[in-house]
Structures are given as C-alpha cells and as structure tokens.
Ligand SMILES: [Zn+2]
C-alpha cells in the first residue's frame, strides 16, 4: 500500500463527545481527514503538529490533533501497519521516547538547579548570614579562634616594645590618611611569634589582625610593604571574609544557628573550619585591592608589594628539602605570589580600579 492509502477510523472534533467515521490519509506533509458525513468539511493538519500515538504498547491508538480533536483506532495492529506504510520518519513518533526525554530533561534541570544552588546560592546565603551574624557572636568566634591559634601556632611576641609601638603608630597614621572620615573598619593589630607559621599575617572574625614577628623581621627594611600586608588583612576585616568563610564551610550549622538562635553547633564547627578553609579568590583579590588603595592614599606605590612575594618565595623550601612550613590557609603566607597578584600590584593605578 503506497503512501496516501486511506484508513477507515474514528474522529472526535474536540468539542462534541460524538465520534465521526472518517477516512484518514497522508497527502505529502499533511494529514487529511475526510468525514463520511457530507455535512462536515475535510480536515487538514500539517503532520508536524500532529501528536502520533505511542507504539510498542497494547490497546487502541490515539492521535492528538493540533485543534484539540483526536483520532481513535481500536485495532492497534491495523493502525501500526497503516502507519508503517506511510514511510514517515520515526522521529515523528512521540510517546515513550518523548516522555523519557522529558524525564531526562527534568532530571538534568534538577541537577543543574542543585549545582547552581551549591555554586551560587550557598555563597550568596553565606554572605547574607555573615552580614547578619550578631556582633557578640562574631566577637566570641574571633576570641575562640585566636585562642585556638595561640594553642597551636602562636607565642607572645619577642619584638621590643618600642618597635611594636612604632609599627602601631605608623599603621594608625596610614589608616587615618586612607580614611580621613574615620570610616575605617573596627580592628585591632597585634604581634605574635610563630616559628610554625613563619612570616605571616592573618585576620580573624571580629577584626583581630595578627602579624608574626617573623614577617616583621622579613620586611624589617621595608616597613611600607609590611603596611601593605596589614592593609590586605584590613580588607578581609572590612568585607567580613573570616565570618563569611566560616559560615560557608559550616553552612548548615550556621543556618540553624541564625534561624533558631542556637549557635552551639556553629561555634563547635569553627575550629576545624579555621584550620582547613581558605578565603575565596575573589575575597583575596578584594583584599589586595584594599591594600593597594591604602598604600596609594599614603603616597606609596602598590608595586612595592612585589617585594613581599619575592621574599616569601625565596624562603620556601624546595620539595624534599627540610621541613614543610605549616600552612594556615587564611594566612597571607599560604597564598603567596602567583603571577596574577604580582601583575595586579605592579599594574595598579587609581584609574584602573
Ligand atoms: Zn588574604
């Protein structure tokens, strides 16, 4: 039977429950429905708009028409035989293939939504939670973090009191010049000896900035570079990166804490997070930008920061040589110079902010 041979079947017009006896045939890319009753006109539907019945199933064959009408054929085998003879591409067959495609698309969409939630939603929510963390909690987290670092890494500073005072005064003067309106973030600067952390600096939640004696010594002849490092840490304080990082890495505990007001789980999760988590690259870039701005406001070229990276790199033991230096991911010594950071400080100017 060539394409075009008609099949006798039943048609519903989509408005009335009454079935009409019709002949259906394909005319090119058009499905033609010819009612036996002469009072009803011939129906023509482009086959692309026709939803053909599933095959591989038992029972009658139902074809949905674009105008809401449908064809019903009780004898599946007869319909399938007619359909097969029309020479239509299999892609016209909707049904189980399409419904499976639908399931796969839905599954894929779900996976993408979950991935997007994890990639963007959690950081976004973490930043919001960090911004709304009560001041008292942040102070407590900061104090406990410092106590933990003191147990593990830090000893009282060995720097002469006069040297510490001179550095504090220099730092305060630079902050005032960079923030003449007095809008610098609240913070405290202190010095600690740390053989294990080596030359290093870090900022903790609550605004505590800690600089190691070893870093002061490393930059003894370049105090402006040391000020740039502290400026970087002040950038972390300003953007609350410490709190943000802790919330992000203990997300569920922090969320429970903020929503239900029980901070126990969050506080308990902080020590492990503090030792293992790093700030995001964006947070580091932002802190570098703040350092550059602070130096610039004080008439110092941000390019001086190159010295920090050169000296840190010169100190790093090559692999297999001696003891590995202790790493604390949030501390500046743990993320020293990559080419991008060096280029940033060398190329910085007030115009390219
Ligand atoms: Zn940093």
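Of (1) within 11 Å of the ligand (Cβ to nearest atom); (2) closer than 15 Å to residue 289 by Cα; (3) within 27 Å of the chain's Cα centre (by Cα), residue 245 satisfies all except one. Which?
Of (1) within 11 Å of the ligand (Cβ to nearest atom); (2) closer than 15 Å to residue 289 by Cα; (3) within 27 Å of the chain's Cα centre (by Cα), only one is false for residue 245: (2).
With the requirement that a residue be closer than 13 Å to residue 26 by Cβ and surrounded by 12 or more Cβ atoms within 10 Å (Cβ to Cβ), what does the stretch 44-83 give you?
Answer for the stretch 44-83, where residues must be closer than 13 Å to residue 26 by Cβ and surrounded by 12 or more Cβ atoms within 10 Å (Cβ to Cβ): 45, 47, 50, 52, 63, 71, 82, 83.
Tell me which residues, restricted to the stretch 221-246, are at pLDDT 95 or above and surrounded by fewer than 20 Cβ atoms within 10 Å (Cβ to Cβ).
221, 222, 223, 224
In the stretch 4-11, is there at least one residue being surrounded by 11 or more Cβ atoms within 10 Å (Cβ to Cβ), at positive phi and not in a strand (DSSP E or B)?
Yes; the residues of the stretch 4-11 include at least one that is surrounded by 11 or more Cβ atoms within 10 Å (Cβ to Cβ), at positive phi and not in a strand (DSSP E or B).
Quick check on this structure: which one of 233, 284 is more than 22 Å from the chain's Cα centre (by Cα), within 10 Å of the ligand (Cβ to nearest atom) and part of a helix (DSSP H, G or I)?
Result: 233 is the single residue among 233, 284 that is more than 22 Å from the chain's Cα centre (by Cα), within 10 Å of the ligand (Cβ to nearest atom) and part of a helix (DSSP H, G or I).
Going by the structure shown, is residue 295 in contact with a helix residue (DSSP H, G or I) (Cβ under 9 Å, 6 or more places away or on another chain), closer than 17 Å to residue 342 by Cα and at pLDDT 95 or above?
It is true that residue 295 is in contact with a helix residue (DSSP H, G or I) (Cβ under 9 Å, 6 or more places away or on another chain), closer than 17 Å to residue 342 by Cα and at pLDDT 95 or above.
Is it the case that some residue within the stretch 295-309 is within 15 Å of the ligand (Cβ to nearest atom), in the same structural domain as residue 347 (by TED's automatic domain parsing), surrounded by fewer than 20 Cβ atoms within 10 Å (Cβ to Cβ) and touching a residue at least 60 places away in the same chain (Cβ under 8 Å)?
No: zero hits.
Please pick out the residue among 188, 212, 250 that is buried (at least 22 other Cβ atoms within 10 Å of the Cβ), more than 29 Å from the chain's Cα centre (by Cα) and either within 16 Å of the ligand (Cβ to nearest atom) or assigned by TED's automatic domain parsing to the domain that holds residue 297 (or both).
On the way: 188 fails: buried (at least 22 other Cβ atoms within 10 Å of the Cβ); 250 fails: more than 29 Å from the chain's Cα centre (by Cα).
None of the others qualify; the one that does is 212.
Condition first: touching a residue at least 40 places away in the same chain (Cβ under 8 Å), surrounded by fewer than 16 Cβ atoms within 10 Å (Cβ to Cβ) and outside any loop (DSSP other than H, G, I, E, B). Now tell me which residues in the stretch 270-281 satisfy that.
Result: 276, single match.
If you go through the stretch 149-185 one residue at a time, how many are within 32 Å of the chain's Cα centre (by Cα), surrounded by fewer than 17 Cβ atoms within 10 Å (Cβ to Cβ) and not in a loop (DSSP other than H, G, I, E, B)?
Here the count works out to 1.
Can you confirm whether the stretch 319-328 contains a residue that is closer than 19 Å to residue 209 by Cβ, at pLDDT 80 or above and in a helix (DSSP H, G or I)?
No, because not a single residue in the stretch 319-328 is closer than 19 Å to residue 209 by Cβ, at pLDDT 80 or above and in a helix (DSSP H, G or I).
May I ask you to list the residues in the stretch 329-340 that are near the ligand (Cβ under 10 Å from one of its atoms), modelled with pLDDT of 80 or more and not in a loop (DSSP other than H, G, I, E, B)?
Answer for the stretch 329-340, where residues must be near the ligand (Cβ under 10 Å from one of its atoms), modelled with pLDDT of 80 or more and not in a loop (DSSP other than H, G, I, E, B): just 332.
Among all residue pairs at least 6 apart or on different chains, which show Cβ distances below 8 Å where the first residue, located in the stretch 199-221, is under 12 Å from residue 312 (Cα atoms) and the second is part of a strand (DSSP E or B) and more than 16 Å from the ligand (Cβ to nearest atom)?
Between residues of the stretch 199-221 that are under 12 Å from residue 312 (Cα atoms) and residues that are part of a strand (DSSP E or B) and more than 16 Å from the ligand (Cβ to nearest atom), the close pairs are 214/193.
Can you find a residue in the stretch 254-269 that is without any contact (Cβ under 8 Å) to a residue 60 or more places away in the chain and within 16 Å of the ligand (Cβ to nearest atom)?
For the stretch 254-269, residues without any contact (Cβ under 8 Å) to a residue 60 or more places away in the chain and within 16 Å of the ligand (Cβ to nearest atom): absent.
The values are calculated or read from the model by the stated rules, or taken from the named source; none is laboratory data. It should be emphasised that the depicted structure is a prediction, and the values quoted were computed from it without experimental measurement. Cβ sites come from the backbone with ideal geometry, for glycine too, and all protein chains shown count toward neighbours.
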